[in-house]
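Worksheet: one structure, shown below.
The values are calculated or read from the model by the stated rules, or taken from the named source; none is laboratory data. Note that the structure is a prediction, hence the values are computed from the model and not measured. Cβ: placed from backbone, ideal geometry, glycine included. Neighbour counts: every protein chain shown. To get the accessible areas, we keep the full protein, side chains included, count just its heavy atoms, and leave off ligands, DNA and RNA. Shrake-Rupley method; radii C 1.70, N 1.55, O 1.52, S 1.80 Å.
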Amino acid sequence: QVQLTESGGGSVQAGGSLRLSCAASGYTYGHYCMGWFRQAPGKEREGVAVLYIGGGGTSYADSVKGRFTISQDNAKNTLHLQMNSLKPEAPAIYYCAAAMYYSDCLDPENLDAWGQGTLVTVSS
C-alpha cells in the first residue's frame, strides 16, 4: 500500500493562498486517482479536488472551483493542491488520499489509502 504524507498546512488570512503537498512512498504505482479531502470539526469528510492518474482529468468540489488547482509531480511522486482566494471557514484538516480502482473519487468512501492530514486555518 502507498504511504501518504501531507505538508504545507498552516494559517492564512482570507483571500490568501496556501499550497499543500502530498508525498507518496511505498507502492506508488497503478492508482486510479489521488485527491484532497477535508474535514472540519463536527462535519463529515468531503472531497475537495481529485486527479485521475494517466491523463484522466480532474474534478473539484463546487465550493472550490476556480480557486483551487490540483496537480502532480510524477518525478517526485508528489501531489499538490494550490489554494487561492481562501475563504474564512472553520479550521479543517486536509487529507491526501489515493484509490486503486475506478470510482467517483470525490466520494471519500471510495479512497483506499489516507495520509494523516495537515491543518488549514483561514481567518477573517
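Overview of results
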{"read-out": "Whole-number accessible area per residue in Å² for the chain, which is evaluated in the context of all protein chains at 1.4 Å", "value": "52 Å²"}
{"read-out": "Percent carbon-and-sulfur accessible area, the chain, ignoring ligands, DNA and RNA, probe 1.4 Å", "value": "47 percent"}
{"read-out": "Local net charge near Val50, Cβ-Cβ under 12 Å (Lys/Arg +1, Asp/Glu -1)", "value": "-3"}
{"read-out": "Two-decimal Rg/Rh across the chain, once Rg and the Kirkwood Rh are taken from alpha-carbon atoms", "value": "0.94"}
{"read-out": "Calculated FRET efficiency for the pair Tyr27/Thr58, C-beta based, R₀ 22 Å, to 0.05", "value": "0.45"}
{"read-out": "Lysines whose Cα lies under 24 Å from that of Lys76, excluding same-chain neighbours fewer than 8 positions away", "value": "none"}
{"read-out": "Estimated dipole of the chain in Debye, rounded to 20 [Cβ of Lys and Arg +1, of Asp and Glu -1, Cα centre]", "value": "380 debye"}
